[in-house]
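The values are calculated or read from the model by the stated rules, or taken from the named source; none is laboratory data. This one's a predicted model, so the numbers in the text were calculated from it and none came from an experiment. Here Cβ is always computed from backbone atoms with ideal geometry, including for glycine, and neighbour counts include all displayed protein chains. Side chains are part of the model used for accessible areas, which takes the heavy atoms of the whole protein and leaves out ligands, DNA and RNA. Shrake-Rupley method; radii C 1.70, N 1.55, O 1.52, S 1.80 Å.
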Amino acid sequence: MAVRGAIVVDNEKCKGCGVCVANCPTKTIALSHEVNGKGYNYAYMANPESCTGCTNCATVCPDSVITVYRVKL
Amino acid sequence: MDIKDIIKEENKVYGKTPVLTDNVMHYCPGCSHGVVHKLIAEVIEEMGIQDKTIGVSPVGCAVLAYNYLDIDWEEAAHGRAPALATAIKRLNPDKYVFTYQGDGDLASIGCGEIMHACNRGENIVVIFINNAIYGMTGGQMAPTTLLGMVTATTPYGRNAELNGYPLRLTELLAQLDGTCYVTRQSVQNPASVRKAKKAIQKAFENSMKKKGTSFVEIVGTCNSGWKMNPVKANQWMEENMFAKYPLGDIKDI
Amino acid sequence: MAEKILLKGNEAIAHAAIHCGCDGYFGYPITPQSEVMETLMAQKPWETTGMVVLQAESEIASINMLYGGAGTGKRVMTSSSSPGISLMSEGISYLAGAELPCLVVDVQRGGPGLGTIQPSQSDYFQATKGGGHGDYKIIILAPAYGQEMYDFVELGFELAFKYRMPAMILADGVIGQMMEKVEIKEQKPRWTKEEILKISPWAATGKTADRKRNIITSLDLDPISQEQHNIHLQEKYRQVEENEVRYTEYRSEDAEHLIVAFGCMARIAETAIDRAREQGIKVGLIRPITLFPFPKKPIEKLLPQLKSMMSIELNAGQMVEDLKVIANGKVPVHFFGRMGGVVASPDEIYEAIINKLK
């Protein structure tokens, strides 16, 4: 793999809408079984190894709670 | 490579623009408003015009837009945002002035104001969110509601005989000599979000070129009003809304 | 020596707007005040002072243009007549709620509905009691002369900005259409950007790094803080009542009977008062210039010497209700008025004095 990525989700602000999950091309993201303070199943990196840092998730996130990082290997 | 070696400031490729405030948006999960707010904020940041931009928020779900974009705002009466923006821009021609309006606000009660602001060719940006429903008041029929669509005031589906037809105001506005850029976009996937952002940026750039009014419709979802989860709502929009409200530039001069 | 020219009241408004450095006029034609915008368009102030003049698509748009412009700290105004003011009433409520200064001119005509195009004062309630929704007040100036049409434009802006609230010139078709000699003042410059930042630091002028964003809104969903906002507004209105009462008196020092009339009716009443005085009837006049704040104290001061009061209005009896509150049962309060665009003559008023006051 030429690039590796990672995301940081602001768990408390995430509303668990799942739009990022549907738009993740590498199936990195899933909704957690745990809930945040507002009762939402927030998004998290279920498969961190597959993240390419493509930014699709953050691009579609309505609440701007995802920060994306990427490194070239 | 360890995750914590990736998550470093120098590796950051995308994050929240500082033009967005830290306030948690009151919108329902998955609401298109949040994406469009972000795009406007990103355009303002990238153009470096935070201190030169005045936004006009509507009545409807986006009434509190001023809580989320860190710029100066005026909150308008229902439908009147284009009248406010007209005066703001004419009195302050060095400012970037935009209205942010929903379909009830713009296409119903504010039909007169948007028509005349566009016809005068006011050098403003209009962001029009069309989700085919009144969100804030609890999901009633909008002028843009599709035929057959169930809402709180069309419980048996919108019926043309009873309720008239879905209003394609954007096409009407494109007919006016005062508009220079009229486009319809959406924000349900990364490609559409990126296109919508380019459209918004072009609209902001136009407003300093004295070319006339730039009008950007965003076809969006209302998960609560449509009674679907956000992902399903995006699919439903693609399958049903785009046929009546086809995407793309309608006018660009 | 200052220049005096012959102007219609409506024309005086337009010239005054340019001369006092108004930034923008937004209006919609309606009789009997269309000369205001016509004069502005003929004068082309955008070429001299930079003032914006725009014919809007409706009164609703006009008043919301005022909201937009006022929100950026600019001095903006509109003019209309009764039915148009009804359309603007929602916007005036928003302006009052958002604490925006602006000037609205109402050259009243007879109503209700489309009514007539003849002079009337039947919008006293609408103007002074709040024509729109919610608890609010606006400053009301009632001119009786062409000169006051001219002078009250600058005064209206001054008061509007002093208290951050809309001000209204409540004129009528007589004052709007009548030509009189008007003393013209020197051209004042419009406020600079720097002056606006200083005078109205709350305005939406573009958020700079050194301050928080400015939000112009009348919305506050939290009832507790909305009540606080209302309390603040009411305190402001009390200050206006304390400091800004304006009125004139005519032969009232020894009056036993007091006529209260505003606008054109005050001038006509003076003629009738002179005739009544010739008959030995001690009658005088108080002419409220500000209808809000109403000259309550000056009338109360005269109460001990009065045997009666009479309100003379071009309506079915509106201001008379305020007089009754002031009289509080101590003296009888009479009313004489004409409606529907008919202007009462000095003879009629004299007859009313003879029949009702004596």
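Matching residues to (1) outside any loop (DSSP other than H, G, I, E, B); (2) within 28 Å of C:Asn315 (Cβ to Cβ); (3) open to solvent by 20 Å² or more (accessible area, probe 1.4 Å):
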{"site": "C:His232", "(1), (2), (3)": "yes, no, yes"}
{"site": "C:Glu241", "(1), (2), (3)": "yes, yes, yes"}
{"site": "C:Leu258", "(1), (2), (3)": "yes, yes, no"}
{"site": "C:Phe262", "(1), (2), (3)": "no, yes, no"}
{"site": "C:Glu270", "(1), (2), (3)": "yes, yes, yes"}
{"site": "C:Ala276", "(1), (2), (3)": "yes, yes, no"}
(request) Please work out which residue is most open to solvent (accessible area, probe 1.4 Å), limiting yourself to region C:295-334 and to residues that are in a loop (DSSP other than H, G, I, E, B) and more than 23 Å from C:Gly110 (Cβ to Cβ). (result) C:Lys330
(message) So B:Thr86 ticks every box in (1) part of a helix (DSSP H, G or I); (2) buried (at least 20 other Cβ atoms within 10 Å of the Cβ); (3) within 14 Å of chain A (Cβ to nearest Cβ); (4) more than 15 Å from the chain's Cα centre (by Cα) but one. Which box is left unticked?
(response) (3)
(message) If B:Thr151 satisfies all but one of (1) in contact with a helix residue (DSSP H, G or I) (Cβ under 6 Å, 6 or more places away or on another chain); (2) more than 14 Å from chain C (Cβ to nearest Cβ), what's the number of the condition it fails?
(response) (1)
(request) Go through region A:24-48 and give me each residue that's within 27 Å of B:Cys222 (Cβ to Cβ), touching a helix residue (DSSP H, G or I) at 6+ places or on another chain (Cβ under 9 Å) and either open to solvent by 60 Å² or more (accessible area, probe 1.4 Å) or not in a loop (DSSP other than H, G, I, E, B) (or both). (result) A:Pro25, A:Ile29, A:Ala30, A:Leu31, A:Ala43
(request) Could you figure out which of (1) out of contact with any strand residue (DSSP E or B) (no Cβ under 7 Å at 6 or more places or on another chain); (2) more than 10 Å from chain B (Cβ to nearest Cβ) isn't true of C:Asn64? (result) (2)
(request) Using the structure shown, decide if B:Glu9 is buried (at least 18 other Cβ atoms within 10 Å of the Cβ), acidic (Asp, Glu) and within 11 Å of chain A (Cβ to nearest Cβ). (result) no
(request) Pick out the one residue from B:Lys251, B:Lys210, B:Lys197 that is at pLDDT 95 or above and within 16 Å of B:Ile40 (Cβ to Cβ). (result) B:Lys197
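Residue by residue through region C:33-53, note down the ones that are open to solvent by 10 Å² or more (accessible area, probe 1.4 Å) and within 14 Å of another protein chain (Cβ to nearest Cβ).
Within region C:33-53, the subset open to solvent by 10 Å² or more (accessible area, probe 1.4 Å) is C:34-35, C:37-39, C:41-44, C:46-50, C:52-53.
Correct list: C:Trp46, C:Thr49, C:Gly50, C:Val52, C:Val53.
Taking the stated definitions as given, is B:Asn92 at pLDDT 95 or above, within 24 Å of B:Lys210 (Cβ to Cβ) and open to solvent by 10 Å² or more (accessible area, probe 1.4 Å)? Show your work before the answer.
Numbers: at pLDDT 95 or above: yes; within 24 Å of B:Lys210 (Cβ to Cβ): yes; open to solvent by 10 Å² or more (accessible area, probe 1.4 Å): yes.
Judged against the criteria, B:Asn92 is a match.
Taking the residues in region C:196-224 that are open to solvent by 40 Å² or more (accessible area, probe 1.4 Å) and not in a loop (DSSP other than H, G, I, E, B) as candidates, determine which candidate is nearest to the other protein chains (Cβ to nearest Cβ). Lay out the reasoning, then the answer.
Residues of region C:196-224 open to solvent by 40 Å² or more (accessible area, probe 1.4 Å): C:197-199, C:201-202, C:208-213, C:215, C:219-224.
Okay, now just the ones that are also not in a loop (DSSP other than H, G, I, E, B), so C:197-199, C:215, C:223-224.
Working: C:Leu197: 12, C:Lys198: 17, C:Ile199: 15, C:Ile215: 5, C:Pro223: 16, C:Ile224: 18 Å.
Going through the qualifying residues, I end up with C:Ile215.
Taking region B:59-82 as the search range and keeping residues that are of a type in the set (Asp, Glu) and without any contact (Cβ under 8 Å) to a residue 40 or more places away in the chain, which one is surrounded by the fewest Cβ atoms within 10 Å (Cβ to Cβ)?
Residues of region B:59-82 that are of a type in the set (Asp, Glu), as a first pass: B:70, B:72, B:74-75.
Narrowing further to those that are without any contact (Cβ under 8 Å) to a residue 40 or more places away in the chain: B:72, B:74-75.
Values: B:Asp72: 28, B:Glu74: 30, B:Glu75: 25.
My answer is B:Glu75.
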(message) Restricting to region A:9-23, give me the number of residues that are over 13 Å from A:Pro62 (Cα atoms) and open to solvent by less than 20 Å² (accessible area, probe 1.4 Å).
(response) 0
(request) Hand me the list of helices (runs of 4 or more DSSP H) wholly inside region B:168-227 holding 1 or more residues that are of a type in the set (D, E, K, R) and in contact (Cβ under 8 Å) with a residue 60 or more places away in the chain. (result) B:169-174, B:190-206
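Going by the structure shown, is B:Gly110 under 17 Å from the mean Cα position of the chain (by Cα) and among the small types (Gly, Ala, Ser)?
Taking the combined requirement at face value, the residue satisfies it.
For the subset of region C:165-189 comprising residues that are among the charged types (D, E, K, R) and open to solvent by less than 60 Å² (accessible area, probe 1.4 Å), which member is modelled with the highest pLDDT?
Here the answer is C:Glu180.
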(request) Could you tell me which residue of region B:38-58 is farthest from the other protein chains (Cβ to nearest Cβ), considering only residues that are crowded, with 24+ Cβ neighbours inside 10 Å and not in a strand (DSSP E or B)? (result) B:Val43
(request) Quick one: which residue in B:Gly138, B:Gly157, B:Gly148 is farther than 30 Å from C:Arg75 by Cα, in a loop (DSSP other than H, G, I, E, B) and either at pLDDT below 95 or polar (S, T, N, Q) (or both)? (result) B:Gly138
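Filter region A:26-73 down to the residues that are among the basic types (Lys, Arg) and out of contact with any strand residue (DSSP E or B) (no Cβ under 6 Å at 6 or more places or on another chain), then identify the one that is farthest from the other protein chains (Cβ to nearest Cβ). Step through it out loud before you land on a result.
First, pick out the residues of region A:26-73 that are among the basic types (Lys, Arg): A:27, A:38, A:70, A:72.
Among the residues that remain, those that are also out of contact with any strand residue (DSSP E or B) (no Cβ under 6 Å at 6 or more places or on another chain) are: A:27, A:38.
Values: A:Lys27: 14, A:Lys38: 9 Å.
The selected residue is A:Lys27.
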(message) I'd like the full set of residues that are touching a Lys or Arg at 6+ places or on another chain (Cβ under 9 Å) and surrounded by 21 or more Cβ atoms within 10 Å (Cβ to Cβ), limited to region B:147-179.
(response) B:Thr151, B:Pro166, B:Thr170, B:Leu173, B:Thr179
(request) From (1) touching a residue at least 60 places away in the same chain (Cβ under 8 Å); (2) under 26 Å from C:Val52 (Cα atoms); (3) assigned to a helix (DSSP H, G or I); (4) open to solvent by 10 Å² or more (accessible area, probe 1.4 Å), pick out the condition that doesn't hold for B:Gly112. (result) (1)
(request) From the list C:Glu154, C:Glu90, C:Glu148, pick out the single residue that is under 22 Å from C:Thr217 (Cα atoms) and surrounded by fewer than 24 Cβ atoms within 10 Å (Cβ to Cβ). (result) C:Glu90
(request) Look at A:Thr52 and say whether it is over 24 Å from B:His26 (Cα atoms), touching a residue at least 12 places away in the same chain (Cβ under 8 Å), among the polar types (S, T, N, Q) and open to solvent by less than 10 Å² (accessible area, probe 1.4 Å). (result) no
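Go through region B:12-35 and report how many residues are within 9 Å of chain A (Cβ to nearest Cβ) and either open to solvent by less than 30 Å² (accessible area, probe 1.4 Å) or in a helix (DSSP H, G or I) (or both).
We begin by selecting, within region B:12-35, every residue within 9 Å of chain A (Cβ to nearest Cβ); these are B:12-17, B:20, B:22, B:24-25, B:27-35.
If we keep only those that are either open to solvent by less than 30 Å² (accessible area, probe 1.4 Å) or in a helix (DSSP H, G or I) (or both) too, we end up with B:15, B:17, B:20, B:25, B:27, B:30-35.
Looking only at that region, the number is 11.
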(request) Go through (1) open to solvent by 10 Å² or more (accessible area, probe 1.4 Å); (2) more than 14 Å from chain A (Cβ to nearest Cβ); (3) in a helix (DSSP H, G or I); (4) out of contact with any strand residue (DSSP E or B) (no Cβ under 6 Å at 6 or more places or on another chain) and name the single condition B:Asp105 misses. (result) (1)
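Among helices (runs of 4 or more DSSP H) lying entirely in region C:1-74, which contain 1 or more residues that are free of Cβ contacts under 8 Å to residues at least 40 places away in the same chain and under 19 Å from B:Asn92 (Cβ atoms)?
Counting at least 1 such residues, we get C:59-70.
Hey, can you tell me all the residues within region C:93-122 that are of a type outside the set (S, T, N, Q) and open to solvent by 30 Å² or more (accessible area, probe 1.4 Å)? Working first, answer last.
Filtering region C:93-122 down to residues of a type outside the set (S, T, N, Q) leaves C:94-107, C:109-115, C:117, C:119.
If the condition is that a residue be of a type outside the set (S, T, N, Q) and open to solvent by 30 Å² or more (accessible area, probe 1.4 Å), then C:Tyr94, C:Gly111, C:Pro112, C:Gly113, C:Leu114, C:Gly115, C:Ile117 are the ones that fit.
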